[in-house]
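Peer 1: Okay, here's the structure, questions in a sec.
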Amino acid sequence: PETKPETKPETKPETKPETKPETKPETKPETKPETKPETKPETKPETKPETKPEEKPEQPKVPEGLDVEIAQPDFDYHPEALKNESVQKQLSSEAQNIVKDINKKYNTNLKYKDLRGGVRILDKDMYLPAGSIGAQFAVEGSVNSNYKIYFLDNNPATVELAKRWVTFLSGLNLEQEIDETIAQDSINNYQKGNYKVRIGQTAAFDTMYIQIETK
């Protein structure tokens with residue numbers, strides 16, 4: 001029998017499914033937030049306050065022997081006053097020590113104010129009555145014959161200063177008499193040894209006087 005050539009089934013070339021190139025999502029370049037250069041607040045050079053050299057208060061001009069620590073900055077005196085025996089005694093180291101003792105005991109600042117016909121001692125931080133002698137303590141006259149002490153009578157410092165000053169000048173102890181007159185708010189007369197003593201109120205508020213007269 002006739003043999004036909006063997007026929008193979010037609011083979012179509014294998015068709016692979018079309019592969020599309022893989023598409024990656026579009027990546028945008030990363031955008032960083034715009035960074036402005038840091039602006040520091042303008043720093044001005046530190047200006048220190050001008051330091052002036054410390055001004056020390058000018059020391060008062062005082063007579064030789066008077067401690068400037070117990071003289072007011074505006075201390076004033078007449079050179080002629082230094083020839084007065086009463087003034088000389090009240091500028092002695094013993095007198096100055098009484099003032100220093102009182103200041104230490106009562107925390108006061110009593111200082112010699114001036115020497116003009118007498119001695120005035122003032123504390124600028126202490127009550128000073130209107131119409132007074134311009135100081136809380138003053139002495140006028142001659143300590144050898146007739147003199148007066150004026151003092152603020154409502155402050156224990158000036159009251160004690162008056163008591164001690166009388167003792168220093170005349171050797172008299174008038175503590176009881178002074179206390180008695182302050183309490184009575186009156187005028188009293190006393191005889192003490194060779195002295196006539198009068199203690200009373202002045203025309204100024206809260207100010208008393210002690211008058212010492214040699215018999």
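The values are calculated or read from the model by the stated rules, or taken from the named source; none is laboratory data. Being a predicted model, the structure only gives us computed values, none of them experimental. Cβ coordinates were reconstructed from backbone atoms using ideal geometry, including for glycine residues, and neighbour counts include every protein chain displayed.
Peer 1: Restrict the check to segment 78-88 and report whether at least one residue is loosely packed, with under 14 Cβ neighbours inside 10 Å, in contact with a helix residue (DSSP H, G or I) (Cβ under 9 Å, 6 or more places away or on another chain) and not in a strand (DSSP E or B).
Peer 2: Looking through segment 78-88, none of the residues is loosely packed, with under 14 Cβ neighbours inside 10 Å, in contact with a helix residue (DSSP H, G or I) (Cβ under 9 Å, 6 or more places away or on another chain) and not in a strand (DSSP E or B).
Peer 1: Criterion first (surrounded by 13 or more Cβ atoms within 10 Å (Cβ to Cβ) and within 24 Å of the chain's Cα centre (by Cα)) does I102 satisfy it?
Peer 2: yes
Peer 1: Ok, one more. Would you tally the residues in segment 89-137 being outside any strand (DSSP E or B) and within 22 Å of N154 (Cβ to Cβ)?
Peer 2: 26
Matching residues to (1) among the β-branched types (V, I, T); (2) at pLDDT below 95; (3) more than 14 Å from A138 (Cα to Cα); (4) assigned to a helix (DSSP H, G or I):
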| position | (1), (2), (3), (4) |
| --- | --- |
| N154 | no, no, yes, no |
| T158 | yes, no, no, yes |
| F168 | no, no, yes, yes |
| E177 | no, no, yes, yes |
| E180 | no, no, yes, yes |
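Peer 1: Surrounded by 13 or more Cβ atoms within 10 Å (Cβ to Cβ) and under 22 Å from the mean Cα position of the chain (by Cα), is that true of L66?
Peer 2: no
Peer 1: Can you name the residue in segment 140-183 that is among the aromatic types (F, W, Y) and buried (at least 19 other Cβ atoms within 10 Å of the Cβ) and is also farthest from the chain's Cα centre (by Cα) among such residues?
Peer 2: Filtering segment 140-183 for residues that are among the aromatic types (F, W, Y) and buried (at least 19 other Cβ atoms within 10 Å of the Cβ), the one farthest from the chain's Cα centre (by Cα) comes out as Y147.
Peer 1: So, one more: Select from segment 184-199 the residues that are among the hydroxyl-bearing types (S, T, Y) and free of Cβ contacts under 8 Å to residues at least 24 places away in the same chain and write down the one among them that is farthest from E213 (Cα to Cα).
Peer 2: S186
Peer 1: Report, by residue number, each residue of segment 114-137 that is closer than 15 Å to P79 by Cα and crowded, with 17+ Cβ neighbours inside 10 Å.
Peer 2: Hits for segment 114-137 are D114, L115, G118, V119.
Peer 1: Run down T158, T202, T181 and say which single residue is under 18 Å from I102 (Cα atoms), polar (S, T, N, Q) and touching a strand residue (DSSP E or B) at 6+ places or on another chain (Cβ under 9 Å).
Peer 2: T158
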